[in-house]
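Q: First the structure, then my questions, so here it is.
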Amino acid sequence: MSAAPPSANAVFVARGLTKVYHMGEVEVQALRGIDLTLERGELVVLLGPSGSGKSTLLNILGGLDVPSGGEVYYLDHKLTGASEADLTRFRREHVGFVFQFYNLIPSLTARENVAAVTEISPSPMRPEDALALVGLGNRLDHFPAQLSGGEQQRVAIARAIAKNPAVLLCDEPTGALDSATGVVVLEVLEKVNRELGTLTVLITHNAGIADMADRVIRLSDGHIVDIRSNAVKKAARELSW
């Protein structure tokens, strides 16, 4: 991978990102020229309606998708133009993903679900430590079917952070949860961001969640329409939606 111009605190730098999907004869422009810098230790909320480009942007940052145009740098590495093997290594070593649906393996316990990731990571946490961090130290040997939705999402977060990623990318992590359970999950993400210093990017269409972020980036129709910093962040337990 080729080097990018250095920037002291930048984890991701995106310049002129575009993404066009071809569906038969129809072209869908998902991103229309995104310029963005995300910095170490930030908790960032990407806010916007369905179809605004949030998930496409997150997937490009995480190396799950590639842009149609523009450039993305991760630290001093250029992701655009990287080989599939390089992107796979980038995802494995540097990025944790949390999705709306937990994607746990039903036949494995909480500990085993987390261990499935730590076994292929270069400098992982112990699965027990990751589960303790998300408040599930007493549920190590429970199977997903024995856990509530919120507990399953916390196992998914433990799995994502157990490889000690520099970046945690979360796509609607509370989307399948009621608000009380959602707040518990957000408290876990807040704790991970604070204690591990992990750059955390959280997609939501829920404006109430934006109050816990350092910065809120609002997308509409493939454009960034607003970036604001919260002078005072709310704790997750103070949020309501």
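The values are calculated or read from the model by the stated rules, or taken from the named source; none is laboratory data. Because the structure is predicted, anything quoted here is derived from the model rather than measured. Because the Cβ atoms are built from the backbone with ideal geometry, glycine has one as well, and the counts that use them run over all protein chains shown.
Q: I'm trying to understand the selection: among the residues of segment 79-99, which are surrounded by 16 or more Cβ atoms within 10 Å (Cβ to Cβ) and either in contact (Cβ under 8 Å) with a residue 60 or more places away in the chain or of a type in the set (Asp, Glu) (or both)?
A: Those that are surrounded by 16 or more Cβ atoms within 10 Å (Cβ to Cβ) and either in contact (Cβ under 8 Å) with a residue 60 or more places away in the chain or of a type in the set (Asp, Glu) (or both): 79, 82, 94, 95, 96, 97, 98, 99.
Q: Inside segment 64-93, can you point out the residues that are β-branched (Val, Ile, Thr) and in a strand (DSSP E or B)? Please lay out each step first, then the result.
A: Step one: of segment 64-93, the residues β-branched (Val, Ile, Thr) are 66, 72, 80, 88.
The answer is 72, and nothing else.
Q: If residue 81 satisfies every condition in (1) on the phi > 0 side of the Ramachandran plot; (2) small (Gly, Ala, Ser); (3) out of contact with any strand residue (DSSP E or B) (no Cβ under 9 Å at 6 or more places or on another chain) but one, which is the exception?
A: It fails just one condition, (3).
Q: Could you look through segment 36-63, keep only residues that are in a strand (DSSP E or B) and touching a helix residue (DSSP H, G or I) at 6+ places or on another chain (Cβ under 9 Å), and pick out the one that is surrounded by the fewest Cβ atoms within 10 Å (Cβ to Cβ)? Full working, then the answer.
A: First pass over segment 36-63, keeping only residues in a strand (DSSP E or B): 36-39, 43-47.
Within this subset, residues satisfying the condition of being touching a helix residue (DSSP H, G or I) at 6+ places or on another chain (Cβ under 9 Å) are 36, 38, 43, 45-47.
On the way: 36: 17, 38: 20, 43: 21, 45: 24, 46: 28, 47: 24.
Result: 36.
Q: Right, something else. All but one of (1) at pLDDT 95 or above; (2) within 15 Å of the chain's Cα centre (by Cα) hold for residue 102; state the number of the condition that does not hold.
A: (1)
Q: Keeping to segment 106-143, report how many residues are modelled with pLDDT of 90 or more, farther than 13 Å from residue 160 by Cα, in a loop (DSSP other than H, G, I, E, B) and not basic (Lys, Arg).
A: 12
Q: On to the next question. Counting only residues that are modelled with pLDDT under 90 and assigned to a loop (DSSP other than H, G, I, E, B), which one in segment 189-241 is surrounded by the most Cβ atoms within 10 Å (Cβ to Cβ)?
A: The extreme case among them is 239.
Q: Six or more apart or on different chains, Cβ atoms under 6 Å: show the pairs whose first residue is in segment 102-117 and farther than 10 Å from residue 159 by Cβ and whose second is of a type in the set (D, E, K, R) and surrounded by fewer than 20 Cβ atoms within 10 Å (Cβ to Cβ).
A: 109/141
Q: Would it be correct to say that residue 96 is of a type outside the set (S, T, N, Q), on the phi > 0 side of the Ramachandran plot and not in a helix (DSSP H, G or I)?
A: Here the answer is no, as residue 96 does not meet what is asked.
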